[in-house]
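Taking it in order: structure first as structure tokens, then the write-up.
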Amino acid sequence: MIIWINGAFGSGKTTTAFELHRRLENSFVYDPENVGYFIRKNAPQNFSKGDFQDILLWREMNYKILKLISSEYDGIIIVPMTLVNPDYYGEIIDKLIGDGVEVKHFILYADRATILKRLKSRSPFGLRSESFAVNSIDRCIYSFDNHIKDVKIITDDKKIGEVVDEIAQKSDIKLTADNRSGIKKIFDRVGTFINHIR
């Protein structure tokens, strides 16, 4: 099974993915962004400008890698990735489903003010350093309202643990008990954030 965690940039996808992973013994977090960074690092500069999702190779590689992993791995693959272009959604998620891969797709949904607040809190340099994410908020919300309408989890007033529990319930999977202290949870989440600074 693939659990795809979608949402605007700053909606908490990566944090949610790793919290879910910590409570699923047989799970793996796959990050499609790494394919984009690989392409950028190994191609001429003019080839890799802009959003790497617009590069056909990025979409093809992620589809093929996820298909391969799902055929060889008997655990749950967790994919935190913003995907708002319905054509790109079709080229990856719909194609995987068409191949018989079980994909549970969730949208971490929040209003603009909530997303801005989260982006501001995660950057010591203010929203200027999050300009791509800020400029993408309206595009993401519009797509989730009009094009990509899978299961929405409204996160404005939810804690990460509540979001993880809801994903598990809607995916019909059983989580292990979370016996970490509050301080350990904070350290784990800060570690996840630091490890995913680009």
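Scanning region 23-37 for residues that are surrounded by 19 or more Cβ atoms within 10 Å (Cβ to Cβ) and either in a helix (DSSP H, G or I) or at positive phi (or both), which turns out modelled with the highest pLDDT?
Applying the filter and picking the extreme gives Val35.
When region 34-54 is examined, which residues are found to be over 16 Å from Phe132 (Cβ atoms) and either in contact with a His (Cβ under 7 Å, 6 or more places away or on another chain) or of a type in the set (A, V, I, L, M, F, W, C) (or both)? Walk me through it before giving the result.
Quick first cut of region 34-54, residues over 16 Å from Phe132 (Cβ atoms) only: 34-35, 38-39, 41-47.
Those that are over 16 Å from Phe132 (Cβ atoms) and either in contact with a His (Cβ under 7 Å, 6 or more places away or on another chain) or of a type in the set (A, V, I, L, M, F, W, C) (or both): Val35, Phe38, Ile39, Ala43, Phe47.
Quick one: in region 152-162, which of the residues that are in contact with an Asp or Glu (Cβ under 8 Å, 6 or more places away or on another chain) and assigned to a helix (DSSP H, G or I) is surrounded by the most Cβ atoms within 10 Å (Cβ to Cβ)?
Step one: of region 152-162, the residues in contact with an Asp or Glu (Cβ under 8 Å, 6 or more places away or on another chain) are 153, 156, 158, 160-161.
Narrowing further to those that are assigned to a helix (DSSP H, G or I): 160-161.
Numbers: Ile160: 16, Gly161: 14.
Selected residue: Ile160.
Looking at region 2-14, can you tell me whether even one residue there is hydroxyl-bearing (Ser, Thr, Tyr), at pLDDT below 95 and over 20 Å from Glu91 (Cβ atoms)?
Initial filter on region 2-14 (hydroxyl-bearing (Ser, Thr, Tyr)): 11, 14.
Narrowing the set further to residues that are at pLDDT below 95 leaves 11, 14.
Filter once more, keeping what is over 20 Å from Glu91 (Cβ atoms): 11, 14.
Looking for residues that are hydroxyl-bearing (Ser, Thr, Tyr), at pLDDT below 95 and over 20 Å from Glu91 (Cβ atoms), one finds at least one in region 2-14, hence yes.
Output yes when any residue across region 62-71 is touching a Phe, Trp or Tyr at 6+ places or on another chain (Cβ under 8 Å), farther than 19 Å from Phe38 by Cα and not β-branched (Val, Ile, Thr), and no when none is. So that I can check it myself, show each step before the final result.
Within region 62-71, the first condition is being touching a Phe, Trp or Tyr at 6+ places or on another chain (Cβ under 8 Å), and the residues that meet it are 65-66, 69.
After this cut, where a residue has to be farther than 19 Å from Phe38 by Cα as well, the list is none.
Looking through region 62-71, none of the residues is touching a Phe, Trp or Tyr at 6+ places or on another chain (Cβ under 8 Å), farther than 19 Å from Phe38 by Cα and not β-branched (Val, Ile, Thr).
Hey, could you check region 95-151 for residues that are in a helix (DSSP H, G or I) and among the polar types (S, T, N, Q) and say which is modelled with the lowest pLDDT? So that I can check it myself, show each step before the final result.
Of all residues in region 95-151, those in a helix (DSSP H, G or I) come to 95-98, 112-122, 127-146.
Filter once more, so that each one left must be among the polar types (S, T, N, Q): 114, 121, 129, 131, 135-136, 143, 146.
Values: Thr114: 93, Ser121: 78, Ser129: 53, Ser131: 79, Asn135: 87, Ser136: 90, Ser143: 96, Asn146: 96.
Top of the filtered list is Ser129.
For region 38-48, which positions are surrounded by 11 or more Cβ atoms within 10 Å (Cβ to Cβ), at pLDDT below 90 and either closer than 19 Å to Ser136 by Cβ or not aliphatic (A, V, I, L, M) (or both)?
Those that are surrounded by 11 or more Cβ atoms within 10 Å (Cβ to Cβ), at pLDDT below 90 and either closer than 19 Å to Ser136 by Cβ or not aliphatic (A, V, I, L, M) (or both): Arg40, Phe47, Ser48.
Output the residues belonging to region 2-21 that are of a type in the set (A, V, I, L, M, F, W, C), in a helix (DSSP H, G or I) and under 21 Å from Glu102 (Cβ atoms).
So in region 2-21, the residues of a type in the set (A, V, I, L, M, F, W, C) come out as 2-5, 8-9, 17-18, 20.
Subsequent filtering for residues that are in a helix (DSSP H, G or I) retains 17-18, 20.
Passing the criteria: Ala17, Leu20.
Could you tell me how many of the residues in region 50-72 are among the polar types (S, T, N, Q), farther than 13 Å from Ile93 by Cα and surrounded by 14 or more Cβ atoms within 10 Å (Cβ to Cβ)?
So the first thing to find is which residues in region 50-72 are among the polar types (S, T, N, Q), and the list is 53, 62, 70-71.
Filter again for farther than 13 Å from Ile93 by Cα, leaving 53, 71.
Keeping just the survivors that are surrounded by 14 or more Cβ atoms within 10 Å (Cβ to Cβ) gives 53.
The number of residues fulfilling the criteria is 1.
The values are calculated or read from the model by the stated rules, or taken from the named source; none is laboratory data. Since we're looking at a predicted model, the values are computed, not measured. Backbone-built Cβ (ideal geometry, glycine too); neighbour counts: all protein chains shown.
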